[in-house]
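A.B. asks: Handing you a structure now.
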Amino acid sequence: MKDFSSLKQALKLADIGLETSPLAPNTKIPLIPLSQGGHGYKNSTSDKAILNKMFSNCPQANLCLRLDTSHLIMVDVDLHTKEANGKETLLKLAKQNMVLPSNGYVESTPHNGLHYYFKVDVPVHDIQQAFGKNSGIEIHTLSSSIYPSEIDGKQYEPLDGHTLEDVKPVPKWLLDYINQQAQTKKPFITARYRDKLYTGKLLDEFVNGASSGNRNAFLTRIAGKMFAVGAEADTVYNMLLVINKNFLTPPLMEREINIIFESILRRDSQPQFNF
């Protein structure tokens, strides 16, 4: 990625009213962390003066697109595992006349997936495992990493020369599906009744996760924090497995988790586990 390429794209998107913000280089993590007063994707803006300021100290930052204020959704088609092959799910859906049109705005991802973007006029909610547990498809409605972001030296790339000005309306079958799923879910609760304590901040850090280049350092830091607040060793280990599986892109091998855990365990003088 060339210097300030994300900023250049952010300024172009601001011209069409889309809000963006910087992500830490080589990650999907907001450049301004929660611990330093950041608000994640909610820091996104179309104000060019603010964008210039946010990107000025990190020319290699990745780029986040805020979806909800842009009236967009993103359908994430992953190929992370053989058991959850999103492209195979697309083929199965197509046989039922449920097709994601490819003549709008679609990006290829650094890990060989696809991001389909659609306009939507009504609020919808995320669906983490759309079309089944192992479908390999997720629906995102809040934010998304976009071109020219890089992970492991590979960029998100628009297909067929399209831009975000080419986004098409969401297919009716997909909107109907999302609305049907929403009716079966519990209400989304956003209220918070007291100031955020250390535990709350730690949970937020779990969910923010980390991407490729930062995974080991991230889990090492998290393990140290859990031991510091008095968590039992087996609790720390099991939480590392959960965080690795659900919040790292891509997950580490289990042997790497064991190495991280044993290192922090020794440092904190806790009883050793035998693996």
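The values are calculated or read from the model by the stated rules, or taken from the named source; none is laboratory data. Since the model is a prediction, treat every value here as computed from it, not as a measurement. No Cβ is skipped: glycine too gets one built from the backbone with ideal geometry, and neighbour counts run over all protein chains shown.
A.B. asks: Here are the criteria: (1) surrounded by 15 or more Cβ atoms within 10 Å (Cβ to Cβ); (2) over 22 Å from Glu88 (Cβ atoms). Tell me which single one Glu165 does not satisfy.
C.D. replies: (1)
A.B. asks: Can you name the residue in the stretch 225-250 that is modelled with pLDDT under 80 and not β-branched (Val, Ile, Thr) and is also farthest from Thr27 (Cα to Cα) among such residues?
C.D. replies: Asn246
A.B. asks: Scan (1) without any contact (Cβ under 8 Å) to a residue 24 or more places away in the chain; (2) part of a strand (DSSP E or B); (3) under 30 Å from Phe55 (Cβ atoms) for the single condition Ser145 breaks and write down its number.
C.D. replies: (1)
A.B. asks: If you don't mind, there's one more thing I want to ask. Out of the residues in the stretch 104-124 that are touching a residue at least 40 places away in the same chain (Cβ under 8 Å) and of a type in the set (Gly, Ala, Ser), state the one that is surrounded by the fewest Cβ atoms within 10 Å (Cβ to Cβ).
C.D. replies: Ser108
A.B. asks: If you take the residues of the stretch 216-255 that are under 19 Å from the mean Cα position of the chain (by Cα) and β-branched (Val, Ile, Thr), which of them is nearest to Lys201 (Cα to Cα)?
C.D. replies: Ile222
A.B. asks: Of the numbered conditions (1) exposed (fewer than 14 other Cβ atoms within 10 Å of the Cβ); (2) small (Gly, Ala, Ser); (3) part of a loop (DSSP other than H, G, I, E, B), Ala49 satisfies every one except a single condition; which is it?
C.D. replies: Condition not satisfied by Ala49: (3).
A.B. asks: Take the conditions modelled with pLDDT of 85 or more, charged (D, E, K, R) and not assigned by TED's automatic domain parsing to the domain that holds Tyr116 and apply them to Asp47. Does it pass?
C.D. replies: Criteria met by Asp47.
A.B. asks: Which of the strands (runs of 3 or more DSSP E) contained wholly in the stretch 52-125 include at least 1 residues that are over 17 Å from the mean Cα position of the chain (by Cα)?
C.D. replies: 105-108, 114-119
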